[in-house]
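The values are calculated or read from the model by the stated rules, or taken from the named source; none is laboratory data. Computed from a predicted model, the values in this text were never measured in an experiment. Cβ placement follows ideal geometry from the backbone for every residue including glycine, while neighbour counts extend to all protein chains displayed.
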């Protein structure tokens, strides 16, 4: 007897016993319960909804659609919808907090800009008594420089300790560069004679090179373009070194002036044995001593430390014996042995003249007379 739903002529031969034969084994354990149906990506319209014109049989279900029965449009959002809305709410909250914090604490970029121009002051020192002459070794032995060290040995390094934002290695590098600058700008024979400037130039921040070059080619005592603010240089037409063994004494110090700027302060006295260019013989009795006191401030950022260069921020220089009337901007012109005290004041300044006035005009000091030695002092090695 045929059962309703069976084929009219019965089940054909060699045909499997139903859909189970075509269904993979893994689907047999699936239960199409209410949760499975709600999680479906598509939903079948109800019969009433399919009766409308141009109606489709199914619709896609997004996370925003209701999770109730197909016939209920006012059903509350399902679990997927709630998770989606919670995710969007969290993103919106994080964005709002970021905007609020940005308004409350705006980012202030690190000041860019290049190195500041050098500000220099060069003060000539006039002699208070007759300038003594003699052989360099004898002059050194009778002067306060008798105990000074010779050359770079007189530029001693302080103890190195890290600062808040700079390591001890970076502090040591800054001190090393500062010492190199002092050696090249105060002790190099070619620099002292005016024959070379490159040994000093290569140690400067690139932003200061234009000012340095102008100071070398067109020196001026206006506080910015004095060659003797950058280095020690003698006028080769009038003065030459009588002894290459320059006596040096002074100190180096450092401090952190900004989170990205380390400053090194130098204070050194350099004593040179010089003679007139017209006198021959290095040990001629006509030699005399010339003293230069240099106080420099050099600044370094991390890029300067890596490139081994410095920004020379300021220079205060006193040098003598010189005439107060002589302009020391281009080079020093020491008074020769036997020259008496000068009563000539600084060069006249015209306040009505156009252009940049000489800032050092009117600045002139008196070179103190060394106290007499009570016992002979052996010269420094």
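In segment 146-160, how many residues are surrounded by 13 or more Cβ atoms within 10 Å (Cβ to Cβ) and in contact (Cβ under 8 Å) with a residue 24 or more places away in the chain?
Selection size over segment 146-160: 10.
Among the residues in segment 188-200, are any within 23 Å of residue 257 (Cβ to Cβ) and either assigned by TED's automatic domain parsing to the domain that holds residue 290 or surrounded by fewer than 17 Cβ atoms within 10 Å (Cβ to Cβ) (or both)?
Here is the first cut: in segment 188-200, the ones within 23 Å of residue 257 (Cβ to Cβ) are none.
No, segment 188-200 has no match at all.
Step by step: first the residues of segment 269-319, then only those that are part of a helix (DSSP H, G or I) and in contact (Cβ under 8 Å) with a residue 40 or more places away in the chain, then the one that is surrounded by the most Cβ atoms within 10 Å (Cβ to Cβ). Which residue is that? Let's see the steps before the verdict.
Kept after step one, since they are part of a helix (DSSP H, G or I), are these residues of segment 269-319: 302-307.
Retained after the next criterion (residues that are in contact (Cβ under 8 Å) with a residue 40 or more places away in the chain): 302, 304-305.
Values: 302: 14, 304: 23, 305: 20.
Only one residue tops the list, namely 304.
For residue 210, are the conditions met, namely being on the phi < 0 side of the Ramachandran plot and in contact with a helix residue (DSSP H, G or I) (Cβ under 7 Å, 6 or more places away or on another chain)?
When the stated conditions are applied, residue 210 does not pass them.
Collect the residues in segment 121-145 that are in a helix (DSSP H, G or I) and either without any contact (Cβ under 8 Å) to a residue 40 or more places away in the chain or more than 24 Å from residue 285 (Cβ to Cβ) (or both), keeping them in residue-number order.
Residue satisfying the conditions is 138 alone.
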